[in-house]
Amino acid sequence: MSLLCCVDVGSTFTKAALVDTGSGELVATGSHRTTVGTDVLHGLDAAVAATGRDPDGLLVCSSAGGGLRLAVVGYERLVTAQAGHRVGLSAGSRVVHVAAGRLDRAGLAELRAARPDVVLLVGGTDGGDTETITHNATRLANARWRVPTVLAGNADCRQQLADLLAGAGVPVVAVDNVLPAIGVLDPGPARAAIRQVFLQHVIGGKKLSRGPRFASLVKAATPDAVLSGVELLAARSAEDLLVVDIGGATTDVYSVLTPDAEQLAGVRDEVAGVLWAARTVEGDLGMRWSAPGVVAAAALEKIVGPDEAPALELAAAARAEHPGYVADDGVEKAVDRRLAELAVMVALRRHARGEAVVAGGPRRGGRDLRAVRTVIGSGGVLRHSPPQVAEAVLGAGLGDTAGGWALPRAARTVVDASYILAAAGLLSVEHPDAAAALLAAELG
């Protein structure tokens, strides 16, 4: 028996899952508060020790220190910029800025102000426009840009621009175009490059650990690992899936869809292409740091009224001020449940309607979730609640008939109680059968 410990170093807690790679059995789990204030290895080692076994190896993903912050610079907002935005989300990043068209001095200042860890520079289909992406690459080169950049635009000028950026000292990786033709979205090469840049530049740059050990252990950003786990589960189960992960700072929604003939025909109208496995990140919807954003968004959507909002606003503000707070009585647990319900409702509305919360970001490209058969809930508020409460939280979103999106026709709900989606994603690269067995055993 070979035991691998899959560890997710989150912004608040570090979770460890010990898995038998022969059978896919979940042998043990452990957790510890993430030790960002000292060295994240302290919390990582404590979480591994909490499993009670010595593993044969470690696989680690991380969203500590704010995870991966990505900026997208594209040509047209509704075409290549939107394509880059979608690819960036699928790569496990939080898209903090989207720029379209030629960067001017103000645009460059806005890009700097967003403090991205990585820039995805796109523009033009293969054989199409070269002027805009050439202008933007030249602007970055002349600005002594030092943020790692993934160049994934028009093949006709890609190598020339890669040489230009590298010659100016910009850390650059050139890969195939994210949008080689109108309506054709190819996320794979850029997603892999963003992952590699994250491992090489971002993990060490956040100074989460003093030595090189942590950087050598991390294999992916946590959302990237989760999406890989969701994709594997969808492939093995041959059904449409929806995952809602309610965190302290964000609420992430993942969906994997199997296109039917009608949807495939509609792709022609989606010039930025379609990702059948996609993720959205709602940076204003969280149980602690972003709790005030939950109430504000729910009020904007008219889910909460003036009678309920004031008390919720006070409770949300207190949680944002003390993100380590744990609800310990019935009243406070009820507040957490309500915040979770609202976060799920707003996040699902945005995911299904195709809305982005990045200022000035793309706002088209919804998701048809009618054929979803399984909805998986994740996050501490669900894992630590009784099953009937977790089901009610997810049901609030799935029964949201006023949300302006077509609800799943018939879906079962399940909670990732042992937090194994990230573990399965980490295992899926070298141990796909073990990862699939783990998913089947824990999530049915």
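List of remarks:
- Scanning the chain for long hydrophobic helices, with DSSP H runs required to stretch 27 angstrom or more by C-alpha along their axis and to average at least -0.5 on the Kyte-Doolittle scale, returns 330-353.
- In the chain, a dipole from Cβ-located charges (positive for Lys and Arg, negative for Asp and Glu) runs towards its positive end, and of 327, 43, 423 it is 43 whose Cα lies farthest in that direction.
- Antiparallel DSSP beta bridges within the chain, percent to nearest 5: 45
- Heavy-atom accessible area per residue - segment 115-161, 1.4 Å, Å²: 38
- Protection proxy ranking of 68-81, 46-59 - average other beta-carbon atoms within 10 Å, highest first: 68-81, 46-59
- The distance separating the Cα centre of segment 75-98 from that of segment 158-196 comes to 13 Å.
- Working from Cα pairs under 8 Å separated by at least six residues, relative contact order for segment 296-438 is 21 percent.
- Residues whose placed amide H lies under 5 Å from that of residue 13, excluding near-sequence neighbours: 34
- Inter-site label distance for residue 143 and residue 78 at 7 Å from Cα along Cβ, in nm: 2.6
- Label of the coordinate-derived value, semi-axes √(5λ) of the Cα gyration tensor in Å, listed as [x] 42, 28, 18; [y] 33, 26, 23; [z] 52, 25, 22: [y]
- Lys, Arg +1 and Asp, Glu -1 on Cβ, resulting dipole of the chain about Cα centre, debye, nearest 20: 1000
- Taking the protein heavy atoms of segment 1-133 in the context of the full set of protein chains, the accessible area attributed to carbon and sulfur is 47 percent at 1.4 Å.
- Relative contact order (%) - criterion: Cα under 8 Å, at least six apart; region: segment 83-242: 23
- For peptides 390-400, 295-305, sequence by mean Cβ density within 10 Å, most packed first: 390-400, 295-305
- Segment 31-133, dipole about Cα centre (Lys/Arg Cβ +1, Asp/Glu Cβ -1), debye to the nearest 20: 360
The values are calculated or read from the model by the stated rules, or taken from the named source; none is laboratory data. Owing to the predicted nature of the structure, the values given are computational and were not obtained by experimental measurement. As a convention, Cβ positions derive from the backbone with ideal geometry for all residues, glycine included, and neighbour counts pool all protein chains shown. Each accessible area value is taken on the protein alone, full model and side chains, heavy atoms only, with ligands, DNA and RNA left out. Shrake-Rupley method; radii C 1.70, N 1.55, O 1.52, S 1.80 Å.
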